[in-house]
Amino acid sequence: MSEAKTLLSVSDLKIHFPIYKGILRRKVGDVKAVDGVSFDIHEGETLGLVGESGCGKSTTGRAVLRLYEATAGKVEFDDTDISILSPEELRATRPRMQMIFQDPQACLNPRMTVGGIVSEPLIEHTKLDAKQREDKVQELLKAVGMNPSFINRYPHEFSGGQRQRIGIARALALDPDFIVCDEPIAALDVSIQAQVVNLLEDLQNERGLTYLFISHDLSMIRHIADRVAVMYLGKLMELADVKTLFSSPAHPYTQALLSAVPVADPKIEANRKRTLLSGDIPSPANPPIGCVFCTRCPAAQKKCFTVPPEWRELKPDQFVACHFAE
Amino acid sequence: MQGNKTKQTQETLPSQRSATAVAPVLCVKDLQTVFHTQDGTVHAVNNVSFSLQPGELLGVVGESGSGKSVTVMSLLKLLPIPPAEIVSGTVEFGGQDLLKLPPKELRELRGGDIGFIFQDPMTSLNPVFTVGFQIVEPLRLHMGMTKKQARVRAAELLDLVGIPSAKERLKDYPHQFSGGMRQRVMIAIALACDPKLLIADEATTALDVTVQAQIIELIKELREKLGMAIIWITHDLGVVAGIADHVAVMYGGQIVEYADVNSLYANPSHPYTQALLETLPSHDEGENKRLLSIPGQAPNLNKYPASCSFAPRCRYRFERCDKENPLLRKISKTQRSACWLEKGKK
């Protein structure tokens, strides 16, 4: 993996949303949704991004496509910094990076037919005529395992899994290199989740796609990702390849997160020792001063409450943000 | 509207057989619930039977639309009637049939002897009343406490579910609590009147894994302390593995497998249970095996099932599956399955 070319490089990305208060709507602070995140994604790999709700994983996913303007930091896609591109230049890059959304119900326009939805990017970005577009749409529907004759149906006629397939077909329309999958399976039933994950894997193998796979489902991340980044309160806690992360997690948060995942085996469950975290995730508008995890960390020491830990390479290809991880 | 109203009786369930000594807390028989909609009748729950011993935790798993929530809502008639209609069945609780109780008596049971925890703690708490008021309300109604007594008890309850500085927090409104804390408040309300039965409908689904782990530990603890029977509804097979004694797997409005938790996971007997467990990514090694998936879609419930509702997606389907609807039958000492396959044949 390490020899592969870096497709996307994020360095010190910050996204702060201002908070306005009072009659004069004065700015009183920031919600630090993403606060200094750096990672690389290599060509053809899947980087899993996990974390609990509100930790900034979706914001990160959107920011790497510049759907949010970054407060600070750089996002380099194929060696061009997309955060300083002009609108026209950005539009020209867009076909190469696409997104699959969480809620297949909400991301498809209920008044458009499947054909209309999937061909919209083709109208925007290519010079294909109507006939060519229809051929392309049918080809795409076949590629995601749907009957091409459904082209004139509306989204409400489909089930959740099929709608997600339509969303995937739309993302594939322009032959992208990079796709951000923002919780693509969270809204689906277990038996349908596997279908969609298999489809995503097949498409990756066929087309050499690179994924940023955002999810809170650790067992699915373990299955699909090559490397995994763990996020907490706007910061990365740990980044490592999937085997290392699941077998020897270095950060206390990763350890707690892994131990909290229920396993579908009563024998394992009966003998498990859980590292229970106390309390809840603090507000990102007012994060702790030192390490963001210090308020819930079972191993926190004095230093953790005052000095934010550095993002350091613990072992080759295992990065961690903790003073005491070893 | 039910053209096919053959009365189907089922064998008694394993927990009933062993229950010669202790009477079950709850005994549901042949429950059938339908919804009359503009597009026809939806058969949401068909011939569901189960029973619960005191102190037992029954996990009910199934995908969305499998009828798990409607089943427990039917027990207490928490459904909008109409469009819903409880066509048949009996729900025995404390020596009376809940389905025949007049509304007033039923209301006394709800929140009294039977506690309910709902999925979304934000929408099930009233945003315009303080948390304290909402815990005190059932205490005064059901237990006849005075305001003062009830407030003391409310603080105890909040303390019991692990909310720090409980007394001060009684004055807070739901929005001042985080998701996990709100769920704890819901649990406190459900536990307020020492229920004999607690029904938790997807109680941890809306929560993060680390908070979910906290709530599950809390439920385990409370169960030991208070000894009530619990029905735990979830779609997460992992959660059930950790806490349940028995598991009922639902599909298409029916219980397709009912078993003791260890045998269910070690040796699933119904093809649907087998497939469901296979779709989970393996947890021991990070091998990149291909995930097994269940082809096809969840069944349409607009007809009373005349055949096995899982048959179109089943890999062992044979003639009989399309002709008759299998009922739960005994597979082994600890397992019951609704499948025409001979036992052991896979």
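Of all the criteria given as (1) surrounded by fewer than 18 Cβ atoms within 10 Å (Cβ to Cβ); (2) at pLDDT 85 or above, the one not satisfied by B:ASN288 is (2).
A:LEU141 meets each of the listed conditions (1) in contact with a Phe, Trp or Tyr (Cβ under 8 Å, 6 or more places away or on another chain); (2) not in a helix (DSSP H, G or I) apart from (2). As for segment A:308-325, it holds at least one residue that is in contact with a Lys or Arg (Cβ under 7 Å, 6 or more places away or on another chain), in contact (Cβ under 8 Å) with a residue 24 or more places away in the chain and of a type in the set (Gly, Ala, Ser).
The set of residues from segment A:226-248 being under 21 Å from B:GLY238 (Cα atoms) and more than 7 Å from chain B (Cβ to nearest Cβ) comprises A:LEU245, A:SER247.
For segment B:224-239, a residue qualifies if it is within 8 Å of chain A (Cβ to nearest Cβ), crowded, with 21+ Cβ neighbours inside 10 Å and under 12 Å from the mean Cα position of the chain (by Cα), but none of them does.
Within the set A:LEU174, A:LEU199, A:LEU188, A:LEU203, the sole residue that is assigned to a loop (DSSP other than H, G, I, E, B) and within 14 Å of another protein chain (Cβ to nearest Cβ) turns out to be A:LEU188. In segment A:203-223, is there at least one residue being of a type in the set (Phe, Trp, Tyr) and over 15 Å from the mean Cα position of the chain (by Cα)? Checked segment A:203-223: no residue is of a type in the set (Phe, Trp, Tyr) and over 15 Å from the mean Cα position of the chain (by Cα). Quick check on segment A:1-42: of everything there that is of a type in the set (Phe, Trp, Tyr) and surrounded by fewer than 16 Cβ atoms within 10 Å (Cβ to Cβ), which residue is nearest to A:TRP311 (Cα to Cα)? This residue is A:PHE17. Of the numbered criteria (1) in contact with a Pro (Cβ under 6 Å, 6 or more places away or on another chain); (2) part of a loop (DSSP other than H, G, I, E, B), the one B:GLY115 fails is (2). Only one entry of B:GLY111, B:GLY89, B:GLY65 meets the criterion of being crowded, with 16+ Cβ neighbours inside 10 Å, touching a strand residue (DSSP E or B) at 6+ places or on another chain (Cβ under 9 Å) and at pLDDT below 85, and that entry is B:GLY65. Scanning segment A:225-263 for residues being at pLDDT below 90, touching a helix residue (DSSP H, G or I) at 6+ places or on another chain (Cβ under 6 Å) and surrounded by 24 or more Cβ atoms within 10 Å (Cβ to Cβ) gives a total of 1. Aromatic (Phe, Trp, Tyr), within 17 Å of A:MET231 (Cβ to Cβ) and assigned to a loop (DSSP other than H, G, I, E, B) - does that describe any residue in segment A:312-321? Checked against the condition, which is being aromatic (Phe, Trp, Tyr), within 17 Å of A:MET231 (Cβ to Cβ) and assigned to a loop (DSSP other than H, G, I, E, B), segment A:312-321 yields no hits at all. Among the residues of segment B:170-187, those identified as within 14 Å of chain A (Cβ to nearest Cβ) and crowded, with 20+ Cβ neighbours inside 10 Å are B:PHE177, B:GLY180, B:MET181, B:ARG182, B:GLN183, B:ARG184, B:VAL185.
The criterion of being in a loop (DSSP other than H, G, I, E, B), more than 14 Å from chain B (Cβ to nearest Cβ) and more than 29 Å from B:GLU217 (Cα to Cα) holds for A:PRO308. The residue that is nearest to A:PHE77 (Cα to Cα), among those in segment A:1-58 that are in contact with an Asp or Glu (Cβ under 6 Å, 6 or more places away or on another chain), at pLDDT below 90 and among the charged types (D, E, K, R), is A:LYS5.
Looking at segment B:58-73, is at least one residue in a strand (DSSP E or B) and more than 21 Å from B:HIS270 (Cα to Cα)? No, that holds for no residue. Against the test of being surrounded by 14 or more Cβ atoms within 10 Å (Cβ to Cβ) and in contact with a Ser or Thr (Cβ under 6 Å, 6 or more places away or on another chain), the options A:VAL144, A:VAL137, A:VAL118, A:VAL180 yield a single qualifying residue, A:VAL137. Within segment B:200-223, restricting attention to residues that are among the acidic types (Asp, Glu) and under 19 Å from B:THR71 (Cβ atoms), which residue is farthest from the other protein chains (Cβ to nearest Cβ)? Only one residue fits best here, namely B:ASP201.
The residue list A:SER259, A:SER278 contains one member that is in a loop (DSSP other than H, G, I, E, B) and at the interface with chain B (Cβ under 9 Å from one of its Cβ atoms), which is A:SER278. Of the numbered conditions (1) at the interface with chain A (Cβ under 7 Å from one of its Cβ atoms); (2) crowded, with 23+ Cβ neighbours inside 10 Å; (3) touching a strand residue (DSSP E or B) at 6+ places or on another chain (Cβ under 9 Å), B:GLY242 fails exactly one; give the number of that condition. All conditions pass for B:GLY242, except number (3).
The set of residues in segment A:162-191 being closer than 14 Å to B:GLY296 by Cα and touching an Asp or Glu at 6+ places or on another chain (Cβ under 8 Å) consists of A:ASP189, A:VAL190, A:SER191.
Checked against (1) touching a Gly at 6+ places or on another chain (Cβ under 9 Å); (2) more than 26 Å from B:PHE35 (Cα to Cα); (3) touching a residue at least 12 places away in the same chain (Cβ under 8 Å), B:LEU109 passes all but condition (2). Would you confirm, using the coordinates I've provided, whether B:PRO103 is crowded, with 16+ Cβ neighbours inside 10 Å and not aliphatic (A, V, I, L, M)? So B:PRO103 fails the test. Inspect segment A:122-135 for any residue being within 14 Å of chain B (Cβ to nearest Cβ), touching a residue at least 24 places away in the same chain (Cβ under 8 Å) and out of contact with any Asp or Glu (no Cβ under 8 Å at 6 or more places or on another chain) and give the result as yes or no. No: zero hits. Of all residues in segment A:244-294, exactly one satisfies the criterion of being of a type in the set (Val, Ile, Thr), under 30 Å from B:HIS175 (Cβ atoms) and touching a His at 6+ places or on another chain (Cβ under 9 Å), namely A:VAL261. A single member of B:VAL249, B:VAL261 is over 30 Å from A:CYS297 (Cβ atoms), aliphatic (A, V, I, L, M) and more than 9 Å from every other protein chain (Cβ to nearest Cβ), and it is B:VAL249.
Hey, can you tell me all the residues within segment B:26-70 that are in contact with a helix residue (DSSP H, G or I) (Cβ under 7 Å, 6 or more places away or on another chain) and among the hydroxyl-bearing types (Ser, Thr, Tyr)? Result: B:THR33, B:SER51.
The values are calculated or read from the model by the stated rules, or taken from the named source; none is laboratory data. Computed from a predicted structure; not experimentally measured. Ideal geometry is used to build each Cβ from the backbone, glycine not excepted, and the neighbour counts take in all protein chains shown.
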